[in-house]
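Let me begin by presenting the structure, written as structure tokens, before commenting on it.
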């Protein structure tokens, strides 16, 4: 039996080596080991190496057998991004080596452009996952509103960081990098929420975690470094190296999990309660506005945060209206199903107690009605004469027509309180509401009606029947039917003797 994923990750030599090297390098930067120029050179040498590893490890994920198309596209984008980063970092390394007197980190324009190109490549691939089939238009609209609500909260936070009063002295290029970092955060939030809502993602949950963390660090460095919020060279190098180290864990984890890591994990998230997640975005917007007002007063930052909060609330209201409409639709659907189920139950109940051909009560309902009677009951048992001969001579259609004709006569001759029934074949019965005399009257009317010719299959046919009448205690229906059957048989014998 294979060990659990957590054990495999903790014992993996590649992840252990990556963690040790990252702790040593980042720790040295944070402890300000060496000169500023030495730190710049060390960082410039390490980053291209990490870029090569990113390209190589992502390509290994692409080589996994059975990898879905959208996952292959995503990891291929990460490998291509590694090549973009490599080209820019090599230019940065050459620039630093050519200027031994450099004491601060100045990003080369080529490095900035390749960084943007790599991040755009990854974001485009992450925002185009495979969609699960069968989603309704309403589901897609709700998912769009949810992602817009969370993205608007991210935009408000990014605006608050971008429009701080201490960023006014920065150049247009620095503002562009900071704005790009905000955009990366928005794309990451959109991709993560989309995966949670749809259950479809190009990476497993374990592999997505380092991707998300590295994206946050990279976006934070793009926001903080150009605006001058971090002045220490060692801290600057740490901010640049941390995302490069963390992102390498993602493809390694995905390789350890294989394709199986993509199946079921995000779908299990989809089945949990994510209904409150969009409303958390509104709380973030409101909290950001309060913080901006408390720290900077009513200015551009506050007005922008207020506008974002209003937009967020508007989308939350739209989502709530959509949810109410969906609930009303579901209620109507449930009510319609209840009506159809009730009708189906009535139909089944009728079929269980009635004969399909004639619509009369069947033997089950007839005996149940007898058992419900208190005191004495009167039963008529009717057996058609020469029915088999008619059926064999003129066909089953003629036989069915004869049975329906007899059914009509039974309904005509029986009273409103009587229960006609077809017990099976050509055997009919009537549970009379009155006493034995009333039963004999019904039998007399039936004999007269059945002796009249009926046009069956284009021919005049006289049905004829033998009728037995019996009265007795209703609590013994079998005995009562047996008595009626004997009397019906006696009448049949007499009619044969006459013939």
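Every number here is computed from the coordinates shown, using simple stated rules; none is lab data. Note that the structure is predicted; figures quoted are calculated from it, not measured. Positions of Cβ are backbone-derived with ideal geometry, glycine not excepted, and every protein chain shown enters the neighbour counts.
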Over all pairs of different Cα atoms in segment 368-499, the reciprocal of the mean inverse distance gives a Kirkwood radius in Å of 15.0
Fewest first, what order do 492, 388 take by the number of other Cβ atoms within 10 Å?
388, 492
Most exposed to least, judged by fewest other Cβ atoms within 10 Å, 246, 461, 442 sort to 461, 246, 442
Can you put 102, 481 in order, fewest other beta carbons within 10 Å first?
102, 481
Please compute the contact order of segment 363-498 in relative form: average sequence separation of alpha-carbon pairs under 8 Å and at least six residues apart, divided by the residue count, as a percent.
36
